[in-house]
Structures are given as structure tokens and as C-alpha cells.
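Every number in this text was worked out from the coordinates using simple rules, so none of it is lab data. The structure displayed is predicted, hence computed values, not measured ones. Cβ placement follows ideal geometry from the backbone for every residue including glycine, while neighbour counts extend to all protein chains displayed.
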Amino acid sequence: AITLKAAATFPIGNIVSANRLSGSDNNFTSILNKEFNSITAENDMKMGAMFTGQNTYDFSRGDAIVAYAKANGFRVHGHALVWHASIPTWLKNFTGTDVEFEAQVKGYIKATVAHFALAKTTDGKSVVASWDVVNEAFTNEALAGPFYAKLGPDYVAKCFTWAKEANSEVKLFYNDYNLDSQTSKVKSVVDMVADFKKRAIPIDGIGSQMHVGYSYPDIATISTTLSPLVGTGLLIHFSELDMSVNRDLALTSFTAERSNAQKEKYKSIAVLYKTIPSAQRFGITFWGVRDNDSWLRGWPVVTEYEWPLLFDSNYGYKAAYTGFLEGL
Ligand code: XIL
């Protein structure tokens with residue numbers, strides 16, 4: 001049978017951890033290798049995982065992921081250099097001056113981007129093709145967080161500039177949620193991109209996380225909010241796609257009705273993605289393989305009654321898979 005990566009005209013990604021890749025779960029790696037050609041570290045390449053102390057970095061798990069990618073022909077999308085929700089404790093409690101804090105962040109971005117520029121494919125390209133430089137800057141928590149407070153309101157531009165200085169080839173993304181539904185946030189991002197262009201601040205792409213629901217936002221809303229993002233001319237990554245089917249937790253089993261709705265919605269998302277000009281299609285990355293791997297089983301509440309992904313908890317292909325494949 002055909003696979004996702006064979007059917008698609010753009011890369012199809014999923015998330016990994018170094019643990020998972022080195023573990024004994026061959027079902028995981030065989031689906032990953034068969035269906036996908038791009039990987040993102042779910043947590044291992046976040047600042048909270050790699051920035052262990054002042055001017056001190058632990059790249060070991062990221063390196064293991066990159067080595068796996070290189071050996072198996074995957075592209076790696078780096079995620080995420082700066083995110084208010086993944087600050088190492090020592091940095092959160094930093095007692096130095098704002099100038100010293102900024103030097104730490106700058107040093108981290110430069111060291112990390114430079115380090116992950118080293119692994120090359122056999123045709124000489126960087127295995128790590130891209131980075132989410134800043135994640136979720138337009139949330140209340142981010143505006144109240146130390147990056148904003150200590151580096152100043154222009155901190156997003158600063159981070160992009162440092163990343164570019166460390167590797168002029170790697171694609172630089174701004175990544176955020178609700179870009180599938182929230183007009184005001186889409187406007188903030190589009191305005192930021194316009195401002196970057198005016199000031200010659202480097203940016204290559206926008207990541208729309210796409211943590212969607214089976215009914216909300218509907219595909220018309222997703223399409224309407226996508227359009228100004230595409231209008232920037234930048235690469236567009238659906239970077240963390242999953243689909244909640246039971247947000248109100250009214251169900252205790254995955255019904256046929258909900259399964260069918262999910263199938264149709266995944267199909268329309270694939271169809272919608274193809275309306276993006278091909279040169280701007282960076283790819284679609286799913287935030288998990290099996291339903292029981294999904295972060296949505298732990299957030300916003302712990303539940304076993306959520307079925308957001310393309311594979312069931314036994315690695316079985318769901319109707320959602322078939323729908324998405326049909327849309328490709
Ligand atoms: C999540 C991971 O899936 C969880 O394992 C972790 O505990 C928290 O982060 N937006 C993002 C991702 O950009 O990094 C988040 O990933 C999900 C929401």
C-alpha cells in the first residue's frame with residue numbers, strides 16, 4: 001500500500017525522543033521509517049532539556065536524534081530555541097543583570113544552532129534543516145516571562161538575528177498555536193513578519209501548530225486564518241498537528257460518528273494544505289504517532305478518553321489515517 005510520505009508532495013513529519021529511538025519498540029520505528037520523512041524532537045531539543053547551566057549545554061539527546069535521522073534519511077526540524085514554557089530552572093532563577101541574562105540567551109542560541117549545523121547528509125545538506133527560533137511569543141505568559149522582561153519587547157527579532165549569525169543556511173521559523181482560528185493572533189504574526197522584512201530581520205517560515213478539534217475550528221475558519229499567513233510568502237509548516245475529539249470529556253469510548261468526523265477533518269486539512277503554493281509547503285508534522293502517546297492525554301487534564309492521532313494505541317491504522325492519505 002502507498003504511504004503518507006510517498007503520497008505527499010511535501011515532507012510528512014512526526015515527533016520523537018532519543019529514548020524512544022534507542023528503545024526496543026520496533027513498532028514505533030517501523031511506522032516512523034515507513035510513513036514519515038521529517039522528525040521533530042518532542043522535548044529533547046528544547047532549551048529546558050539542553051541548556052544545563054551558564055555557558056553549559058547538553059546536546060547528547062539531540063545528537064542521538066540527529067544521528068538517527070542521518071542514518072535513516074529524515075529531515076530534522078529543530079524545536080524550539082526560545083519558549084516561555086521550557087526555561088531551565090537555573091535560568092528562570094537567574095540573579096545576574098539583564099545584560100548578563102541576554103548574554104546567556106544569545107550564547108545558547110549561537111552555540112546550539114552552530115552545533116546542530118555540523119551534521120550533514122551525504123549530499124552535503126544540514127540534517128537539521130530548520131529551527132523554531134521563538135515559540136508562542138504572543139501569549140500572556142510569554143509577555144510576562146523573562147525573555148520579554150529582560151531582553152525587551154524586541155527579543156523575538158534579536159533571537160532570529162543571533163540564529164542567522166550562527167548558521168546562515170538553516171531555515172528560521174516563528175511557531176505558535178491558534179493560528180488556525182484566532183484572527184487577532186494571526187494579525188500579530190503577520191505584522192511582526194512585515195516589520196522584520198522592513199528591518200531586514202531574517203525569517204523564513206511560520207509554524208502553525210494546528211492543535212485542532214474535530215469540529216472546532218471548522219475548515220472554513222482554518223482556511224480563512226491560513227490565508228494571511230500564506231500571504232507573507234514565507235514557508236508554512238503545520239508543525240504540531242493533532243485533533244482532539246473529546247475536549248469536554250463527554251465520551252468514554254471513541255464512537256464511529258466521532259471517528260468518521262475525524263477522518264473527514266484530517267482529509268480536509270490535507271486538501272487545504274495543498275492549496276498553499278508548492279514552494280511555500282514546508283510540510284505537515286503530527287504531534288505523535290499513537291493516540292496513547294499524545295500529550296493531549298495529559299493536558300489540559302489527564303485522561304484516557306482522547307484519540308487525536310492517526311494510529312491507535314496498538315499501532316493500528318485509524319480511519320483518520322485513511323482520510324488524511326486520501327486528502328494528500
Ligand atoms: C509538549 C510535549 O508534547 C509534552 O511532552 C511536554 O510536557 C510539553 O510540551 N506546543 C508546543 C510543544 O510547541 O512543544 C508542546 O509539546 C505542545 C504545545
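Look at (1) within 18 Å of LYS110 (Cβ to Cβ); (2) among the hydrophobic types (A, V, I, L, M, F, W, C); (3) more than 15 Å from the ligand (Cβ to nearest atom) and you find that VAL190 fails only one, number (1).
Of the residues examined, THR29 is not one that is surrounded by fewer than 19 Cβ atoms within 10 Å (Cβ to Cβ), touching a Lys or Arg at 6+ places or on another chain (Cβ under 9 Å), in a loop (DSSP other than H, G, I, E, B) and among the β-branched types (Val, Ile, Thr). Of everything listed in (1) closer than 25 Å to GLY205 by Cβ; (2) over 19 Å from the mean Cα position of the chain (by Cα), the single unmet condition for PHE10 is (2).
Just for region 1-21: of the residues that are among the aliphatic types (A, V, I, L, M), crowded, with 20+ Cβ neighbours inside 10 Å and touching a residue at least 60 places away in the same chain (Cβ under 8 Å), which one is nearest to the ligand (Cβ to nearest atom)?
Here the residue is ILE15.
Results for (1) on the phi > 0 side of the Ramachandran plot; (2) more than 16 Å from the ligand (Cβ to nearest atom), shown as yes or no for each residue.
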| position | (1), (2) |
| --- | --- |
| PHE94 | no, yes |
| GLU102 | no, yes |
| PHE116 | no, yes |
| TRP131 | no, no |
| GLU136 | yes, no |
| PHE147 | no, no |
| VAL170 | no, yes |
| PHE173 | no, no |
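All of (1) assigned to a loop (DSSP other than H, G, I, E, B); (2) away from the ligand (no atom under 16 Å from the Cβ); (3) under 19 Å from GLN104 (Cβ atoms) hold for SER24 with one exception: (3). Here VAL76 qualifies as more than 21 Å from SER188 (Cα to Cα), in contact (Cβ under 8 Å) with a residue 40 or more places away in the chain and buried (at least 20 other Cβ atoms within 10 Å of the Cβ). Within region 60-84, the only residue that satisfies the criterion of being farther than 14 Å from GLY13 by Cβ, over 19 Å from the mean Cα position of the chain (by Cα) and either not small (Gly, Ala, Ser) or not in a helix (DSSP H, G or I) (or both) is LYS70. When region 32-59 is filtered for residues that are hydrophobic (A, V, I, L, M, F, W, C), assigned to a strand (DSSP E or B) and within 16 Å of the chain's Cα centre (by Cα), the ones remaining, listed by number, are ILE39, ALA41. Quick one: in region 79-125, of everything that is surrounded by fewer than 18 Cβ atoms within 10 Å (Cβ to Cβ) and among the β-branched types (Val, Ile, Thr), which residue is nearest to ALA163 (Cα to Cα)? Filtering first and then ranking leaves VAL99.
The residues of region 283-328 that are at positive phi and in a strand (DSSP E or B) amount to a single one, GLY283.
Name every residue in region 120-165 that is in a helix (DSSP H, G or I), under 21 Å from the mean Cα position of the chain (by Cα) and farther than 23 Å from ARG281 by Cα, in order of residue number.
Correct list: ASN140, GLU141, ALA142, LEU143, PHE147, TYR155, VAL156, ALA157, LYS158, CYS159, THR161, TRP162.
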